[in-house]
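The values are calculated or read from the model by the stated rules, or taken from the named source; none is laboratory data. All values reported here derive from a predicted model rather than from experimental measurement. Every residue, glycine as well, gets a Cβ built from its backbone with ideal geometry; the counts of neighbours run over all protein chains shown. Accessible surface areas use protein heavy atoms only, side chains included; no ligands, DNA or RNA. Shrake-Rupley method; radii C 1.70, N 1.55, O 1.52, S 1.80 Å.
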Amino acid sequence: MAKKRRTPVEASRDPASVFMLELAEESGFETAFSRADDMSPCPIGEKGMCCRICSMGPCRLVKEGDVGVCGATLSTVVARNFARMIAAGAAAHSDHGRDLAHTLLAAAQGNAPDYGVRDEAKLREVAGYLGVEVNGQPVNELAAEVARVALDEFGKPFGEILYLKRAPEKRQQIWRELGIEPRNIDREVVETFHRTHMGNDQDAEHILDHAMRAGLSDGWGGSMLATDLSDILFGTPSPVMSEANLGVLKGNEVNIIVHGHEPTLSEMIVAAAQDPEVLAYAEEKGADGINLAGICCTANETLMRQGVPLAGNFLQQELAILTGAVEAMVVDVQCIMQAVVSLSQGFHTEVITTSRKAKVEGATHIEFDEHRALEIAKEVVKRAIDRFPERAKTNIPSERSDLIPGFSHEYIEYALGGTYRGSFRPLNEAIAAGRIRGVVANIGCNNPRVCHDSLHKDVVKTFLENDILVVETGCGAIACAKEGYLTPEAAFEYAGPGLREVCEAIGMPPVLHMGSCVDNSRILTVLSQMASEGGLGDDISDIPAVGMAPEWMSEKALSIATYAVASGAYVIMGHHSPVAGSEVVTELISDGWESKVGGRLEFIDNLEEIVERTIAHIDNKREALGLSEYDASQWGRSGDAKMNQLVDLPLEERIEASYGTVAK
Ligand code: XCC
Ligand code: SF4
């Protein structure tokens, strides 16, 4: 029996996406939205109750008390499945980090001539964290040494991950006492697969403790290295201006979408698209220019550093192709739906895979090689140009919103403390005084099982009204960018009186875009620095903060959630629990983990409850710190002169006024 499909307005909260979904419906194209409607999730797998790790099974356990052929209990099966998801997520983030270390090494040795150290200060800082002595050696020598030590972090036989030292003292102690301090990055992932192989770890609590260790190897290991090494190679982000949504596609230019996660190739495509010879070629083919736009976290990487506009988030990858205006979609790794290739065959769009780790049947594969980076990037761009004359009718939605991303932890520190004395003290003080009630990190994916972007937009709107500062990464950040929350004047429109005062004083948006999914490590850094600044306790778990991924979909999101919890945070995941099959496991990752590490993980499918529990947690933490009760009526008397002024300025001048000169 055919199932009922949602209408476009039921499926997405984003007007540009609704427009594209209407078009898809009219022209009979399938999308992830329609496929989700047609295919119900498997009711046993959905709750983590199916075990298929050996061929005595697969065993479907349907209720408490059922056991598999080997006797595995429901809690064991659910915990094993969950741990494997976390390990896969940790593997994806960390392998991305590893590749950047290889790129840095190749660049430092002169084998990747198109790359180099762009941020020497960051290189020296990272050298410090990794115990590499800075003694006036040439930059490339230092970079090579840093890259080598970074690579060792993935597989060194002894010791523990060096970056653990960047966490508050108290936090490190908790990890070591529990025995969950990651030893190296790969080992914790490998050990997860060993433990969850048939016939090993069959104690849910013990499995889940190790899952935290695997998660930590991502957060304080692979992801943190990915962020740092990207900053060294491509520059540490600071505010830039840009735009978001499908309306950034151009009717008269060659549109190239970069999609996936790594900055390595996309940075070269940015360079190739500015090459005079390439631009002349585009003109020859009748185009007015070359327009780059991003999807998913490749988008966030090129946005943060180059201001490349965002075409959209995860659920817009097919919709971009449906515009008929995309000449090429260039993908690297992660979050690439196989469906984009079959869909592209109905258009002139060429999907180009570039990673040696990710081919898609039917796509053009041009393998990226960092040794000939720019040359390959030019080839890719020229292929896109060649498609331009084949373009048929286009349907580009008009929606595009301004945004100012680029809030690296370094920049936040600088903005708060001023040029000569970067500091998190003003942020701590604003929280202590109650101007800022607390902090929410809203991150993660889209999922066609929930109305696209709706949870991101609704939770964030409520938090802003409640004077809660929001920091974001990934597709959540893109959702809010499209809604216009990522501009300084959004404080004027959406923030409560206290938060608005702070934003006004600094000229910052009430929602700070901190980067891609690996850049959640920047949030760990901010939280650690807030803890060591004093005034808000001495550990991450003391800070009035909550993390959430209301529309999560990927295993990476589970890894992030787990390392955030193991670092002391309360984390709420939206809409569906992959451990719903076991009350024991549900209890172990919430109350159980809270008693061990101070953070807890909950899956909540209801918007009101997400908001309620978040605010309650923030207020409880405030109370535990002995801070004044939040009282909005105290604030907002400082006047909004600067904000009023800002609102009337064009974007470019607004940014100048707030941040001085910025890159475009
Ligand atoms: Fe992928 Fe990072 Fe999720 Fe978006 S948010 S759907 S993981 S692109 Ni990380
Ligand atoms: Fe079934 Fe046990 Fe094999 Fe899992 S490990 S498939 S529960 S027999």
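Looking only at the range 303-342, count every residue that is more than 23 Å from Leu100 (Cα to Cα) and out of contact with any strand residue (DSSP E or B) (no Cβ under 9 Å at 6 or more places or on another chain) and tell me the total.
7
Only one of these is closer than 20 Å to Glu472 by Cβ, touching a Pro at 6+ places or on another chain (Cβ under 9 Å), buried (at least 24 other Cβ atoms within 10 Å of the Cβ) and not basic (Lys, Arg): Pro237, Pro263. Name it. Write out each step before concluding.
Details: Pro263 fails: touching a Pro at 6+ places or on another chain (Cβ under 9 Å).
Exactly one of Pro237, Pro263 is closer than 20 Å to Glu472 by Cβ, touching a Pro at 6+ places or on another chain (Cβ under 9 Å), buried (at least 24 other Cβ atoms within 10 Å of the Cβ) and not basic (Lys, Arg), namely Pro237.
Looking at Gly592, Gly547, Gly568, which is the one that is within 16 Å of ligand 1 (Cβ to nearest atom) and either assigned to a helix (DSSP H, G or I) or surrounded by 24 or more Cβ atoms within 10 Å (Cβ to Cβ) (or both)? Before you say what the answer is, go through the steps one by one.
Working: Gly592 fails: within 16 Å of ligand 1 (Cβ to nearest atom); Gly568 fails: within 16 Å of ligand 1 (Cβ to nearest atom).
Gly547 is the lone residue from the list that is within 16 Å of ligand 1 (Cβ to nearest atom) and either assigned to a helix (DSSP H, G or I) or surrounded by 24 or more Cβ atoms within 10 Å (Cβ to Cβ) (or both).
So in the range 550-560, with the set limited to residues that are within 9 Å of ligand 1 (Cβ to nearest atom) and more than 13 Å from Ala91 (Cα to Cα), which one is surrounded by the fewest Cβ atoms within 10 Å (Cβ to Cβ)? I'd like the intermediate steps shown before the answer.
Of all residues in the range 550-560, those within 9 Å of ligand 1 (Cβ to nearest atom) come to 551-557, 560.
From what's left, more than 13 Å from Ala91 (Cα to Cα): 551-553.
On the way: Glu551: 30, Trp552: 28, Met553: 21.
If we take residues in the range 550-560 being within 9 Å of ligand 1 (Cβ to nearest atom) and more than 13 Å from Ala91 (Cα to Cα), then Met553 is surrounded by the fewest Cβ atoms within 10 Å (Cβ to Cβ).
For every residue, the table says whether it meets (1) closer than 24 Å to Ser528 by Cα; (2) within 16 Å of ligand 1 (Cβ to nearest atom); (3) crowded, with 21+ Cβ neighbours inside 10 Å; (4) modelled with pLDDT of 95 or more.
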residue	(1), (2), (3), (4)
Phe154	yes, no, yes, yes
Phe158	no, no, no, yes
Leu164	yes, no, no, yes
Gln172	yes, no, no, yes
Arg176	yes, no, no, yes
Val189	no, no, yes, yes
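Among the residues of the range 91-104, how many are hydroxyl-bearing (Ser, Thr, Tyr) and within 16 Å of ligand 1 (Cβ to nearest atom)? Break it down stepwise before answering.
Going residue by residue through the range 91-104, those that are hydroxyl-bearing (Ser, Thr, Tyr) are 94, 103.
If we keep only those that are within 16 Å of ligand 1 (Cβ to nearest atom) as well, we get 94.
Number of matching residues: 1.
Return the total of residues in the range 37-56 being farther than 10 Å from Val78 by Cα and more than 9 Å from ligand 2 (Cβ to nearest atom). Don't jump to the end; show me each part of the working.
Let us first name the residues in the range 37-56 that are farther than 10 Å from Val78 by Cα, namely 37-44, 46, 52-56.
If we keep only those that are more than 9 Å from ligand 2 (Cβ to nearest atom) as well, we get 37-44, 46.
Total satisfying the criteria: 9.
Looking only at the range 262-295, count every residue that is outside any helix (DSSP H, G or I), of a type in the set (Val, Ile, Thr) and in contact (Cβ under 8 Å) with a residue 60 or more places away in the chain and tell me the total.
Looking only at the range 262-295, we keep the residues that are outside any helix (DSSP H, G or I), and these are 262, 273-275, 285-295.
Okay, now just the ones that are also of a type in the set (Val, Ile, Thr), so 290, 295.
Still in the running and in contact (Cβ under 8 Å) with a residue 60 or more places away in the chain: 290.
Residues that pass the stated criteria total 1.
So which residues in the range 504-519 are out of contact with any Leu (no Cβ under 6 Å at 6 or more places or on another chain) and either among the β-branched types (Val, Ile, Thr) or more than 16 Å from ligand 1 (Cβ to nearest atom) (or both)? Please lay out each step first, then the result.
In the first step, residues of the range 504-519 are kept if they are out of contact with any Leu (no Cβ under 6 Å at 6 or more places or on another chain); the result is 504-508, 512, 514-519.
Passing the criteria: Glu504, Ala505, Ile506, Gly507, Met508, Leu512, Val518.
From Tyr494, Tyr563, which residue is of a type in the set (Phe, Trp, Tyr) and open to solvent by less than 10 Å² (accessible area, probe 1.4 Å)? Steps first, answer last, please.
Numbers: Tyr494 fails: open to solvent by less than 10 Å² (accessible area, probe 1.4 Å).
After applying the criteria, what remains is Tyr563.
What number goes with the only condition from (1) hydrophobic (A, V, I, L, M, F, W, C); (2) open to solvent by 30 Å² or more (accessible area, probe 1.4 Å); (3) in contact with a strand residue (DSSP E or B) (Cβ under 9 Å, 6 or more places away or on another chain) that Leu374 does not pass?
(3)
Return the residue satisfying two criteria in turn: it lies in the range 618-664 and is of a type in the set (Ser, Thr, Tyr), modelled with pLDDT of 60 or more and in a loop (DSSP other than H, G, I, E, B), and of such residues it is nearest to Ala491 (Cα to Cα). Lay out the reasoning, then the answer.
Taking the range 618-664 first, the residues of a type in the set (Ser, Thr, Tyr) are 628, 630, 633, 638, 658-659, 661.
Now restrict to residues that are modelled with pLDDT of 60 or more: 628, 630, 633, 658-659.
Retained after the next criterion (residues that are in a loop (DSSP other than H, G, I, E, B)): 628, 630.
On the way: Ser628: 23, Tyr630: 18 Å.
Per the criteria, the residue is Tyr630.
Return the pairs, sorted by first residue and then second, in which the second residue is open to solvent by 60 Å² or more (accessible area, probe 1.4 Å) and part of a loop (DSSP other than H, G, I, E, B), the first residue lies in the range 349-363 and is without any contact (Cβ under 8 Å) to a residue 40 or more places away in the chain and of a type in the set (Lys, Arg), the beta carbons are less than 7 Å apart, and the residues are 6+ apart or on different chains.
Once the first residue is without any contact (Cβ under 8 Å) to a residue 40 or more places away in the chain and of a type in the set (Lys, Arg) and sits in the range 349-363, its partners that are open to solvent by 60 Å² or more (accessible area, probe 1.4 Å) and part of a loop (DSSP other than H, G, I, E, B) give Arg356/Glu367.
Name the residue, out of Val459, Val450, that is open to solvent by 10 Å² or more (accessible area, probe 1.4 Å), away from ligand 2 (no atom under 16 Å from the Cβ), under 29 Å from Ala16 (Cα atoms) and of a type outside the set (S, T, N, Q). Let's see the steps before the verdict.
Values: Val459 fails: open to solvent by 10 Å² or more (accessible area, probe 1.4 Å).
Of the residues listed, the single one that is open to solvent by 10 Å² or more (accessible area, probe 1.4 Å), away from ligand 2 (no atom under 16 Å from the Cβ), under 29 Å from Ala16 (Cα atoms) and of a type outside the set (S, T, N, Q) is Val450.
Can you tell me which residue within the range 605-624, out of those that are of a type in the set (A, V, I, L, M) and open to solvent by 10 Å² or more (accessible area, probe 1.4 Å), is nearest to Cys51 (Cα to Cα)?
Step one: filter the range 605-624 for residues of a type in the set (A, V, I, L, M), giving 607, 610-611, 615-616, 618, 624.
Remaining after also requiring open to solvent by 10 Å² or more (accessible area, probe 1.4 Å): 607, 611, 615-616, 624.
Values: Leu607: 31, Val611: 34, Ile615: 37, Ala616: 37, Ala624: 42 Å.
The extreme case among them is Leu607.
Taking helices (runs of 4 or more DSSP H) that fall entirely within the range 430-503, which contain at least 1 residues that are within 14 Å of ligand 1 (Cβ to nearest atom) and either at pLDDT 95 or above or out of contact with any Ser or Thr (no Cβ under 9 Å at 6 or more places or on another chain) (or both)? Give the steps one after another, and end with the answer.
Details: elements: 454-465, 474-483, 488-494.
Those helices (runs of 4 or more DSSP H) span 454-465, 474-483.
For every residue, the table says whether it meets (1) among the aliphatic types (A, V, I, L, M); (2) open to solvent by 10 Å² or more (accessible area, probe 1.4 Å).
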{"residue": "Thr196", "(1), (2)": "no, no"}
{"residue": "Glu205", "(1), (2)": "no, yes"}
{"residue": "Ala211", "(1), (2)": "yes, no"}
{"residue": "Ala226", "(1), (2)": "yes, no"}
{"residue": "Asn245", "(1), (2)": "no, no"}
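State all residues of the range 387-422 that are outside any helix (DSSP H, G or I) and either acidic (Asp, Glu) or on the phi > 0 side of the Ramachandran plot (or both); if no residue qualifies, say none. Walk me through it before giving the result.
Residues of the range 387-422 outside any helix (DSSP H, G or I): 391-408, 418-422.
Once the filter is applied, which keeps residues that are outside any helix (DSSP H, G or I) and either acidic (Asp, Glu) or on the phi > 0 side of the Ramachandran plot (or both), the range 387-422 yields Glu399, Asp402, Gly406, Gly418.
Look through the range 42-79, keep the residues that are of a type in the set (Gly, Ala, Ser) and closer than 19 Å to Leu588 by Cα, and return whichever of them is farthest from ligand 1 (Cβ to nearest atom). Explain how you work it out, then say what you get.
Of the residues in the range 42-79, the ones of a type in the set (Gly, Ala, Ser) are 45, 48, 55, 57, 65, 68, 71-72, 75, 79.
Filter once more, keeping what is closer than 19 Å to Leu588 by Cα: 48, 65, 72, 75, 79.
On the way: Gly48: 20, Gly65: 36, Ala72: 30, Ser75: 28, Ala79: 23 Å.
Residue satisfying both the conditions and the ranking: Gly65.
In the range 118-142, what residues are surrounded by fewer than 18 Cβ atoms within 10 Å (Cβ to Cβ) and not in a helix (DSSP H, G or I)? I'd like the intermediate steps shown before the answer.
Start the filter on the range 118-142 by keeping residues that are surrounded by fewer than 18 Cβ atoms within 10 Å (Cβ to Cβ), which leaves 118, 120-121, 124-125, 128-129, 131, 133-141.
Listed by number, the residues that qualify are Arg118, Gly131, Glu133, Val134, Asn135, Gly136, Gln137, Pro138.
Criterion first (within 13 Å of ligand 2 (Cβ to nearest atom) and either hydrophobic (A, V, I, L, M, F, W, C) or surrounded by fewer than 18 Cβ atoms within 10 Å (Cβ to Cβ) (or both)) does Ala112 satisfy it? Walk me through it before giving the result.
Values: within 13 Å of ligand 2 (Cβ to nearest atom): no; either hydrophobic (A, V, I, L, M, F, W, C) or surrounded by fewer than 18 Cβ atoms within 10 Å (Cβ to Cβ) (or both): yes.
Spelling it out, it is not the case that Ala112 is within 13 Å of ligand 2 (Cβ to nearest atom) and either hydrophobic (A, V, I, L, M, F, W, C) or surrounded by fewer than 18 Cβ atoms within 10 Å (Cβ to Cβ) (or both).
Restricting to the range 57-72, and then to whatever is touching a residue at least 40 places away in the same chain (Cβ under 8 Å) and surrounded by fewer than 20 Cβ atoms within 10 Å (Cβ to Cβ), can you tell me which residue is farthest from the chain's Cα centre (by Cα)?
Of the residues in the range 57-72, the ones touching a residue at least 40 places away in the same chain (Cβ under 8 Å) are 61, 64, 70, 72.
With surrounded by fewer than 20 Cβ atoms within 10 Å (Cβ to Cβ) added as a condition, the list becomes 64, 70.
Values: Glu64: 36, Cys70: 39 Å.
Here the answer is Cys70.
Mind listing just one residue for me: the one in the range 279-309 that is in contact with a Lys or Arg (Cβ under 8 Å, 6 or more places away or on another chain) and under 28 Å from Ser238 (Cβ atoms) and, of those, farthest from ligand 2 (Cβ to nearest atom)?
Within the range 279-309, the match that is farthest from ligand 2 (Cβ to nearest atom) is Gly289.
Consider the range 575-625. How many of its residues are closer than 21 Å to Ser75 by Cα and among the acidic types (Asp, Glu)?
Of the residues in the range 575-625, 5 are closer than 21 Å to Ser75 by Cα and among the acidic types (Asp, Glu).
Output the number of residues of the range 73-129 satisfying the condition of being aromatic (Phe, Trp, Tyr) and closer than 30 Å to Arg52 by Cβ. Explain how you work it out, then say what you get.
Residues of the range 73-129 aromatic (Phe, Trp, Tyr): 82, 115, 129.
Next cut, closer than 30 Å to Arg52 by Cβ only: 82.
Qualifying residue count, the range 73-129: 1.
Can you say whether Ala88 is within 16 Å of ligand 1 (Cβ to nearest atom), of a type in the set (A, V, I, L, M) and either closer than 30 Å to Leu265 by Cα or not in a strand (DSSP E or B) (or both), as far as the supplied structure shows? Full working, then the answer.
Working: within 16 Å of ligand 1 (Cβ to nearest atom): yes; of a type in the set (A, V, I, L, M): yes; either closer than 30 Å to Leu265 by Cα or not in a strand (DSSP E or B) (or both): yes.
Taking the combined requirement at face value, the residue satisfies it.
Could you check the range 161-248 for helices (runs of 4 or more DSSP H) lying wholly inside it with 2 or more residues that are hydroxyl-bearing (Ser, Thr, Tyr) and under 18 Å from the mean Cα position of the chain (by Cα)? Steps first, please.
Details: elements: 169-178, 185-195, 204-217, 223-234.
Passing ranges, in order: 223-234.
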